[in-house]
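The next block holds one structure in the form of structure tokens; read it before the comments.
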Amino acid sequence: MRRRLPPSLLIGGALVALVVVVALLSLVWTPADPYNVVVPDRFQGTSLRHLLGTDQFGRDELSRIMAAARNTLEVGIVTIVIAFVIGVPVGALAAYYRGPLEEVAMRGADVLLAFPAILLAMLFAAVFRPSTLTAMAAIGIAFVPVFARVVRGAGLQVMEMDYVTAARTFGSRGWWILIRHLLPNVSSVLIVQATIAFAVAILAEAALSYLGLGTPPPAASWGRMLSESQNYLYQAPLLALWPGIAIALSVLGFNLLGDGLRDLLDPKLVERLPAPG
Amino acid sequence: MAEALRVEDLRVRVGGVEAVRGVSFELEAGSRTGLIGESGSGKTLTALALMGLLPEGLSATGGVLYAGRDLLALSDDELCELRGDRLAMVFQEPMTALNPVMRIGDQVAEPLTVHRGLRHRQALAAATELLDRVRIPDPAEKMRSYPHQLSGGQRQRAMIAMAMACSPDLLVADEPTTALDVTVQAQILRLLDELVDEHGATMLLITHDLPVVASTCDRVLVMYGGRIVETGSVGEVFDRPRHPYTQALLDAIPPLDREVEGRHLRAIPGAVPGLGQFPPGCPFRNRCPKADQRCAEMPPLAVVGDHPTACWHPVGSDR
């Protein structure tokens, strides 16, 4: 029973795989040390020694792009984990218990949604020092209501299904129904939401770093590299291009992957083979 | 005969309206009782109320006595212990009553894990036997299948296997064959019949299909407008219906053995009124050919001839 995979899934998957491979590779090998400052070598153009040239401190641009890929993935994963761990249980419980619990949870989500992530990031940066961690926490918390709502919405639908009533007639208790019936049936929606959120998280981290609210120097981050290159736009315009391309490709990759997964997992769009027998 | 379940003055409110309006009956242990009526007559709500599974916002009053306990007064935990173990239910739609993302085997094993405390492995082995018992071909392979890979009949068999897993005392089957092909219907009914016999269970079969009741059950309850309007043995009710509604239902069955030439299919005039729009008094009086002034008052369920019926002007009497 093979289906044709949607092209967006293949392209998105390839782009995401590229980012992951580069990030993993940077753990063991980069063309040069991404943190090695060689002042005489600053603003070198592309050459065989520095494939993407060097930045204002003479650091190898390609190595920094690679190191930043790791940072980007970390940010994406940690924010999604934060949003998942808080948002999914809240949404699932709201869908299951309804009533006042649902009201409180969903109004809470509304309030959180009203806060821009940037404001949250500034708050964290003011209270603690700005770091990748504060950025991740801010973006993660900003995603909590998104996940809570998605799970609640899909969960409400699941709770109306006969198999939930059927599970009750077989004596299954609440938490069991939550884990065995509600969560597995909303998982496809969750997977899609997570990939899309991943793309948004990458963009948000780049934006926060660009504003100086995210990854502090000298650590490599695409957003920070972009913002720093701005000062030297006339001397070395390509320095803005590389992190820009990296951000664009990875965001595009995760978005396409999300779209592709939705096409693949959405039963309404899938032609099912007729049941045998 | 001992009674397996006694329902006393069961009432279910939907919003401000009573949808089940004082239903009382008892099920003898080991009997098969058919609960018949049109859509909207309150049969499914009655069944859900018995199981303590009324949807959010609905509540039942009255009494549902099982083994000396009032099910309506039990806590959720106590009900969970009974449901699936002593009380089981089979649903109308086998397409939606199975979880689409769980393997058949895991689902059939679920009641056994919940109630019998079996380990996963033992439960799976027992589930395979159950699937074999309900005559699903190649049970070992079907255990690993997902619901959409099974046919409608096989899914309903799997549901029945789940319901009978713990050998319940009472099986409520809510239109178990309505969604199935006619050819499969008979097989499913025969299977239910066999299993109920085998486990010495009591069955309440809810349906609007009269021949199904005639072939499977020994007692009948006829419901209309949230009340029981006639009850008795299958022979009594089907051969000598007393309530005009029962009479009309029986007349509406197209006769297959006679020429229907020049004859229209008979229908009951009018439609079942919406919830809360039943006339006061006898709920059937706006569709009943015999209705008069007296019917403005609700007739009690009283024995006419050989069985009880709730009508001021029973069929075949001069009243």
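Bear in mind these aren't lab numbers, they're just calculated from the coordinates by the rules spelled out. All figures in this text were calculated on a predicted structure; none of them were measured in a lab. Virtual Cβ from ideal backbone geometry, glycine too; neighbours counted across all protein chains shown.
By the beta-carbon count within 10 Å of each Cβ, the least crowded to most crowded order of A:Leu52, B:Leu205, fewest first, is A:Leu52, B:Leu205. Inter-chain Cβ neighbour count for B:98-110, averaged per residue, equals 4 (cutoff 10 Å, partner chain atoms only). Taking Cα centre as origin and charging only the Cβ of basic (Lys, Arg, +1) and acidic (Asp, Glu, -1) residues, the dipole magnitude of chain B rounds to 460 debye.
Histogrammed with a bin width of 10 Å, the alpha carbon distances of the range A:130-277 distribute as 10, 27, 26, 18, 12, 6, 2, 0 percent, first bin at zero. Computed from backbone phi, the HN-Hα couplings of the range A:156-164 come to 4, 5, 4, 4, 7, 6, 4, 5, 6 Hz, rounded to whole numbers (Karplus: 6.51 cos²θ - 1.76 cosθ + 1.60, θ = phi - 60°; Gly and Pro given as x).
Averaged over the residues of B:84-94, the number of partner chain Cβ atoms lying within 10 Å of the residue Cβ comes to 3.
Taking the helices alone, chain A has a mean residue ellipticity at 222 nm of -23500 deg cm²/dmol, built from -39,500 (n - 2.57) per DSSP H run of at least 4 residues and averaged over all its residues.
What is the sum of charges, Lys and Arg at +1 and Asp and Glu at -1, for the other residues whose Cβ falls under 13 Å from the Cβ of B:Asp174? Walk me through the intermediate numbers first.
Numbers: positive: B:Lys43; negative: A:Asp162, B:Glu93, B:Glu175, B:Asp209.
Computed value for this residue: -3.
Multiply the residue gap between A:Val28 and A:Leu249 by 0.36 nm, knock off their C-alpha separation, and tell me the result in nm, one decimal place. Gain in length upon complete extension: 77.3 nm.
Which percentage, to the nearest 5, of the DSSP beta bridges contained in chain B is antiparallel? Let's see the in-between values first.
Values: 27 of 46 bridges.
Here the share of antiparallel DSSP bridges comes out near 60 percent.
For the range A:66-87 and the range A:150-195, compute the distance between their C-alpha centroids and round to whole Å. Going from one Cα centre to the other spans 26 Å. The mean sequence distance of close C-alpha pairs (under 8 Å, at least 6 residues apart), as a share of the length of the range B:160-227, puts its relative contact order at 38 percent. Normalised by the number of residues in the range B:22-120, the mean separation of alpha-carbon contacts (under 8 Å, six or more apart) gives a relative contact order of 15 percent. With contacts taken as Cα pairs under 8 Å and at least 6 residues apart, the range A:200-258 reaches a relative contact order of 29 percent.
Helix content alone sets the calculated 222 nm mean residue ellipticity of chain B: runs of n ≥ 4 DSSP H residues at -39500 (n - 2.57) each, divided across all residues, give -9000 deg cm²/dmol.
Across the residues of A:174-183, average count of Cβ atoms on other protein chains within 10 Å? Intermediate values should be presented prior to the final figure.
Values: counts 2, 0, 4, 1, 0, 0, 6, 5, 1, 1.
Averaged over the peptide's residues, the number is 2.
With a cut-off of 14 Å between beta carbons, the residues surrounding A:Arg64 carry a summed charge of -2, where Lys and Arg count +1 and Asp and Glu -1.
Is the range A:1-156 best put as rounded, prolate or oblate by its Cα gyration tensor, with a ≥ b ≥ c the root eigenvalues, rounded for a/c under 1.5, and otherwise prolate when a/b is larger than b/c, oblate when not? Walk me through the numbers on the way to the answer.
Working: a/c = 3.84, a/b = 1.75, b/c = 2.19.
Judged from the Cα gyration tensor, the range A:1-156 comes out oblate (a/c at least 1.5, b/c at or above a/b).
Could you compute the net charge surrounding B:Gln92? Neighbours are other residues with a C-beta less than 14 Å from the C-beta of B:Gln92; K and R count +1, D and E count -1. It works out to a net charge of -3.
In the range A:17-69, the C-alpha radius of gyration followed by the widest Cα-Cα span (Dmax) gives 10.9, 36 angstrom.
Look at the dipole of the protein assembly as shown built from charges on Cβ: of B:Leu50, B:Thr96, B:Val64, the Cα furthest out on the positive end belongs to B:Thr96. The H on the amide N of B:Arg227, modeled in the peptide plane, is under 5 Å from the matching H of B:Arg21, each at least 5 residues off or on a different chain.
Which residue, chosen from B:His243, B:Val220, B:Cys282, occupies the Cα position most advanced towards the positive end of the dipole of the range B:216-315, where the dipole is computed from +1 (Lys, Arg) and -1 (Asp, Glu) charges on Cβ about the Cα centre? With unit charges placed on the Cβ atoms, the residue in question is B:Cys282.
Is the range B:38-105 best put as rounded, prolate or oblate by its Cα gyration tensor, with a ≥ b ≥ c the root eigenvalues, rounded for a/c under 1.5, and otherwise prolate when a/b is larger than b/c, oblate when not? Working shown, then result.
Details: a/c = 2.14, a/b = 1.32, b/c = 1.63.
Judged from the Cα gyration tensor, the range B:38-105 comes out oblate (a/c at least 1.5, b/c at or above a/b).
With a simple spin-label model that places each label point 7 Å from the Cα along the Cα-to-Cβ direction, the separation between B:Ser75 and B:Glu129 comes to 3.4 nm. Overall, the protein assembly as shown carries a charge dipole of about 1220 debye about its Cα centre when +1 sits on the Cβ of Lys and Arg and -1 on the Cβ of Asp and Glu, all other atoms neutral.
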